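The values are calculated or read from the model by the stated rules, or taken from the named source; none is laboratory data. Owing to the predicted nature of the structure, the values given are computational and were not obtained by experimental measurement. Don't worry about glycine lacking a Cβ; one is built from the backbone with ideal geometry, like all the others, and counts go over all protein chains shown. Heads up: the accessible areas ignore ligands, DNA and RNA and are worked out on the full protein's heavy atoms, side chains in. Shrake-Rupley method; radii C 1.70, N 1.55, O 1.52, S 1.80 Å.
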Amino acid sequence: MKVPLKWLKEYIDLTLPPAELAEKLTMAGIEAGGIEVIGERWDNVVVGEIVAVKPHPNADRLRLPTVDLGTEQQTVVCGAPNLRVGDKVAFARVGAELIDGHTGQLTRLKPAKIRGVESSGMVCSEKELGISDNHQEILVLPPDAPVGAPLAEYLGDVILDLEVTPNRADCLSIIGIAREVAALTGQSLHPPKVSYEESPPPIAEQVAIEIADPDLCPRYCASLITGVKIAESPQWMQRRLLACGMRPINNIVDITNYVMLELGQPLHAFDYEKIMGRKIIVRRAEEGEIIVSLDGVERTLSHDMLVIADEVRAVAIAGVMGGANSEVTEETTSILLEAASFNPASIHHTSRSLSLPSEASMRFERGIRPELTIPALKRATQLMAELAGGKVAQGVADVYPGRRKPKPIRLSAEKTKALLGVEFSLEQIVSTLTSLGFECQPASADEIQVTPPYWRGDIQQAVDLIEEVARIAGYDKIPTTMLSQPLPRQNPAPIIGLRQKIRNSLIGYGFQEVITYSLTSLEMLRKLRPEAQPLEPTPLRLANPMTADQEYLRPTLRANLLAILEANRRHEEDGIRLFELGKVYLVREGDLPDEPEVLCGLLSGTREEKSWHGDGSLLDFFDAKGVVEGLLAKLGVAASFEPSDDASFHPLKQAAIVIGDRRLGVVGELHPKVAAAFDISEPAYLFEIRVTDLLPFTLEHKMFQPIPRFPPTVRDIALIVDNGVSHQQVVDIIKGFSLVKQVTIFDVYSGKQVPEGKKSLAYRITYQSPTHTLTDEEVNKVQEQILRKLSQQLGATLRG
Amino acid sequence: MLPQLEELRSKALQELASIDDARELESWRVRYLGKKSKLTTILRSLATLPLEERRTVGARANELKTELENGLRQKEEALREAELAKGAKQETIDITLPGRPLPIGRLHPITQTLNEICEIFASMGFGIVEGPDVEWDYYNFEALNIPQEHPARDTMSTCWLEQQKSDKQAMLLRTHTTAVTARVIESMEPPIRVIEPGKVYRYEASDATHVPMFHQIDGVAVDKGITMADLKGTLYEFARRFFGEERKVRFRCDYFPFVEPGVEMAIECLVCNGRGCRVCGQSGWIEILGAGMTHPQVLERGGIDPEVYQSFAFGIGIERLPMLRYGIDDIRLFYSSDLRFLRQF
């Protein structure tokens, strides 16, 4: 809402400088987004009157106007075509700061000789004054402009750009802002006085009004003005409309807009002659009913929209926009003026459905009280009589099915203190509320009964009144205290701690955390499959995606990480280690989706940053697996790794991460085809763990293990086994013996000295007893049993 | 015996003086202090001597033993030092060469900010509660006094899902973490003091100040006797801890349908220190959060009696905070996952 201060000053004695006013309004809830000063630099510009125009002796296009400035006359050189004797103009004296019409730069006016004629001053165009881009013509001021007056005084203004919150429909008006200022400054308010003459016959004989759907229209009022002459509205009105961001159209339409800006009530002017049957019917639209709105667009309406109709057709979309069929045109002579109150939700729905936001709908959807219709209707009627020369029919039409008695609200100083934490006396409360137009009656010794003014539809409960008291006093009057109540019991979800541990471990391993969008595209998800396959189940889709690449909720974190690797590879040479811990979204029929949390890590490139130490070796499967093992060990979770068939991974270089008997993740090398789909040209390793499913395993109760009292015995063995035998099979057998405390593989070899099709595995076995120091004989006996079992079950032989 | 001891002493000390290597020193020790050394033999034979002689020779022999042992210790020390001095000269390294590089991992700046804020509120007794990203219209809007067709819905452009519940209630991506507050009020019993961090979504095109997904932390406290002064105190404490003691804080009236009175907290602009600049739109202030006393209808709808309990609630936008702190001028950088950006935090 733009508020020109000159206009505001019509209703309130404003003494505050604009910046302080803006500050006060901001603190009280109406934020001033900007202060625009018109005529800030018009120091040497005054109102003048052209008293003579002579031709230039040396140039056809230039003329020599003589301008009366009250105290003196000046003759200057001017190239504008619209110089007319008797017109009031803006005259810049030497020294004025003007915008150069050609370069757009701010320049100081100097005396000049133009084609041989001295020129000390200038008749200004709107562009030179910074009002608009018009540089074709000079600005012609209204005839009432006082000759000799500084232009800044006559035409200058300060415009506050206020951000009105959705609860304050009343502040979408100059009078509403004036009321706020009155309460904030203690200045008194002078609302516009309305009076006009009426002539017979009464309106009731000339138009009938019927509200067919009172749920959507609590009140409909109208007046009738005949014999109007459509013309331009006066300059001052046009200027105010422009300053508020509205385009002047003609005197009638301008008056409806002007009163809307002034009082906050949207109005609509119909050409009375075009209302068929002299009857207004407020009704729901027929399904599929068509109307051409004022902007010339054909609109198809539905049954949940409200229209203003005559006996034959809809003539306006109620509260949103008028219809072309009843529009005021140059031929119009009689005006049926509407001031109505509509259901806010219905107007919001209609204007959104038709994508037709208007100044009127913006106000109606915030709630215009039915009580405002009559004052606004009369104010606009008065202006039409005054400015368009019309005759007003007797009375107003007023159909008011939605009348409600205002409900008073009880308030006490005690309740106010209990909410705000600071004491306001009942006198202070009454004085603040009264200054805002509330009526306060004593209800009991310490309670008052408050009736809000009709324009404050947002006030319904005691807390609303308490906010009024607090905001007008200023929130800085409220002290700052710390909560003094006992601390409530807290039951933090265990996943919060687990998440923290996982993140901290991974950054310790050198992984950079990333956060990526939860929304993705099918195209991205399809890249994760080496072969074209349907995505099962289909991920959740947005009904209104903003862009094609953010259309589906991600069912996996993989795709985003791979895209990040590719994007960073353009500028990163060394190893890249990334992880994200976030939600994925899985469809659940008839309910909100499941949102399990998943950890996904990615590593690729050189193991060490390029340096004088490094050997340039590349990260591989076992780096990825090492991270998973290290992380799970740190979380105290025992895992095993089993063959896996995840389609995104290299078929032979992947392992399922098995915890308990559940497969909770996968680690492996990215499938070369998937890598290619993401434009990744290096081997990349991924791991993924379903953190939500992992959680229960991390919560198992741990018991302390005593530190062994007796020394261990360590033996190394090297085995020859078939290539098909896995390390895990060997370890499982060795670990089956009770004295074996630990088994570590320290060499894997195949090649020379090992027969074809076989490999050598070297293990260090640590034997230890909790009860005594082991003798060589004991250890030898167990080791023989181990070797026998390895030989029987796996065909292992001891390497010579 | 005494002259013998004197001879032994001068010989031993003379030899000791010329030793400059550990092996020689060890053989010297064996020769003069070992089990089979002359001195040991003399000390062992003392018992056979007459009493008078035993006393003088014994005393002298023990003195000599102590003297030789001290000499040995000093020599050892001297040799060790000489060794270290020699070694230090030979084994020089270029200490300006870089160390063995370790990969450095970092938390995302948003995670860091969330952690920091959660810690601040945890120290004031606020626990953490989380809710779903995909939410019912009810918790995101209806429960918070934002019914269908309420103009406040227009300020939070919403991403809707195609799926719907059987009773046609719409599913959406939550537009604010205040949806969790609605759930908390419905499911928890007072006293309540929690914060609710999480991702939120808006149907908005990306630019330097808008992204379709970002983070918020909402908070709510419900108990008997909670006042707006407590709200101010709590938020002021947050601002003091996060932005520092000197940063000015301002509370002004603002409107959110789910609170009354409504509050906006702003801090003095970190770029211009309140003088007015492009970042703060010339106002000198930067809005940090919205807050207020939880609306009685919101409490009532969640099953809490507003006549008994009072409550405050607040919501903080997260991205803005590191942007202000580090002077980041484009919000999209957080989600670009560009390592050149992420490595800076």
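If only one of B:A152, B:A182 is open to solvent by less than 20 Å² (accessible area, probe 1.4 Å), more than 9 Å from every other protein chain (Cβ to nearest Cβ) and either in a helix (DSSP H, G or I) or under 26 Å from A:E551 (Cβ atoms) (or both), which one is it? The conditions single out B:A182. The lone criterion from (1) on the phi < 0 side of the Ramachandran plot; (2) in contact with a helix residue (DSSP H, G or I) (Cβ under 8 Å, 6 or more places away or on another chain) left unmet by A:G474 is number (1). If I filter the range B:264-272 for residues that are assigned to a loop (DSSP other than H, G, I, E, B), modelled with pLDDT under 95, open to solvent by 20 Å² or more (accessible area, probe 1.4 Å) and in contact with a Gly (Cβ under 9 Å, 6 or more places away or on another chain), do I get at least one hit? Yes. Within the range B:227-249, is there a residue that is at the interface with another protein chain (Cβ under 10 Å from one of its Cβ atoms) and closer than 23 Å to A:L540 by Cα? Scanning the range B:227-249, I find no residue that is at the interface with another protein chain (Cβ under 10 Å from one of its Cβ atoms) and closer than 23 Å to A:L540 by Cα, so the answer is no. Contact map, the range A:420-431: residues that are at negative phi paired with residues that are among the β-branched types (V, I, T), Cβ distance under 6 Å, separation 6+ or inter-chain. Pairs shown: A:L420/A:I478; A:V422/A:I478; A:F424/A:T416; A:F424/A:V469; A:I429/A:V469. Scanning the range B:233-263 for residues that are assigned to a strand (DSSP E or B) and without any contact (Cβ under 8 Å) to a residue 24 or more places away in the chain turns up B:V249, B:F251, B:R252, B:C253. Pairs are defined by a Cβ separation below 9 Å, a sequence spacing of at least 6 or placement on different chains, a first member in the range A:88-115 that is within 20 Å of A:P55 (Cα to Cα), and a second member that is in a strand (DSSP E or B) and open to solvent by 80 Å² or more (accessible area, probe 1.4 Å); the pairs so defined are A:P111/A:E118; A:A112/A:E118. Scanning the range A:532-540 finds one or more residues that are at pLDDT below 95, facing chain B (nearest Cβ under 8 Å) and either crowded, with 20+ Cβ neighbours inside 10 Å or in contact with an Asp or Glu (Cβ under 6 Å, 6 or more places away or on another chain) (or both). Answer yes if at least one residue in the range B:92-103 is part of a helix (DSSP H, G or I) and of a type outside the set (A, V, I, L, M, F, W, C), and no otherwise. Looking through the range B:92-103, none of the residues is part of a helix (DSSP H, G or I) and of a type outside the set (A, V, I, L, M, F, W, C).
Among the candidates A:A314, A:A345, the residue that is open to solvent by 10 Å² or more (accessible area, probe 1.4 Å) and of a type in the set (A, V, I, L, M) is uniquely A:A345. At least 2 residues being in contact (Cβ under 8 Å) with a residue 60 or more places away in the chain is the threshold, and among the strands (runs of 3 or more DSSP E) wholly inside the range A:217-306 those reaching it are A:219-226, A:267-271, A:279-284. Considering each residue of the range A:553-572 in turn, at least one proves to be facing another protein chain (nearest Cβ under 9 Å), touching a residue at least 60 places away in the same chain (Cβ under 8 Å) and in a helix (DSSP H, G or I).
Counting only helices (runs of 4 or more DSSP H) that fall entirely inside the range B:294-345 and contain at least 2 residues that are within 23 Å of B:C272 (Cβ to Cβ) and open to solvent by less than 20 Å² (accessible area, probe 1.4 Å), the qualifying elements are B:320-326. Going by the structure shown, is A:D68 under 17 Å from A:A149 (Cβ atoms), surrounded by fewer than 20 Cβ atoms within 10 Å (Cβ to Cβ) and acidic (D, E)? Answer is yes for this residue. If I filter the range A:116-146 down to residues being polar (S, T, N, Q) and either open to solvent by 50 Å² or more (accessible area, probe 1.4 Å) or over 22 Å from A:P55 (Cβ atoms) (or both), which single residue comes out as modelled with the highest pLDDT? Top of the filtered list is A:Q136.
Can you confirm whether the range A:552-563 contains a residue that is touching a Lys or Arg at 6+ places or on another chain (Cβ under 6 Å), open to solvent by 10 Å² or more (accessible area, probe 1.4 Å), within 29 Å of B:L172 (Cα to Cα) and not hydrophobic (A, V, I, L, M, F, W, C)? Checked the range A:552-563: at least one residue is touching a Lys or Arg at 6+ places or on another chain (Cβ under 6 Å), open to solvent by 10 Å² or more (accessible area, probe 1.4 Å), within 29 Å of B:L172 (Cα to Cα) and not hydrophobic (A, V, I, L, M, F, W, C). From the residues in the range A:638-663 that are in contact with a Ser or Thr (Cβ under 6 Å, 6 or more places away or on another chain) and of a type outside the set (S, T, N, Q), which one is nearest to A:G575 (Cα to Cα)? If we take residues in the range A:638-663 being in contact with a Ser or Thr (Cβ under 6 Å, 6 or more places away or on another chain) and of a type outside the set (S, T, N, Q), then A:A655 is nearest to A:G575 (Cα to Cα).
So which residues in the range B:168-200 are over 29 Å from the mean Cα position of the chain (by Cα) and within 19 Å of A:R541 (Cα to Cα)? Listed by number, the residues that qualify are B:K168, B:Q169, B:A170, B:M171, B:L172, B:L173, B:R174, B:T175. Somewhere in the range B:128-137, is a residue part of a helix (DSSP H, G or I) and of a type outside the set (A, V, I, L, M, F, W, C)? So far as the range B:128-137 goes, yes, one or more of its residues are part of a helix (DSSP H, G or I) and of a type outside the set (A, V, I, L, M, F, W, C). Looking at the range A:394-498, the helices (runs of 4 or more DSSP H) lying wholly inside it that each contain 1 or more residues that are within 14 Å of chain B (Cβ to nearest Cβ) and under 30 Å from A:I211 (Cβ atoms) sit at A:462-473. If I go through the range B:188-221 residue by residue, how many of them are more than 9 Å from chain A (Cβ to nearest Cβ) and either touching a Gly at 6+ places or on another chain (Cβ under 8 Å) or buried (at least 21 other Cβ atoms within 10 Å of the Cβ) (or both)? Count: 11.
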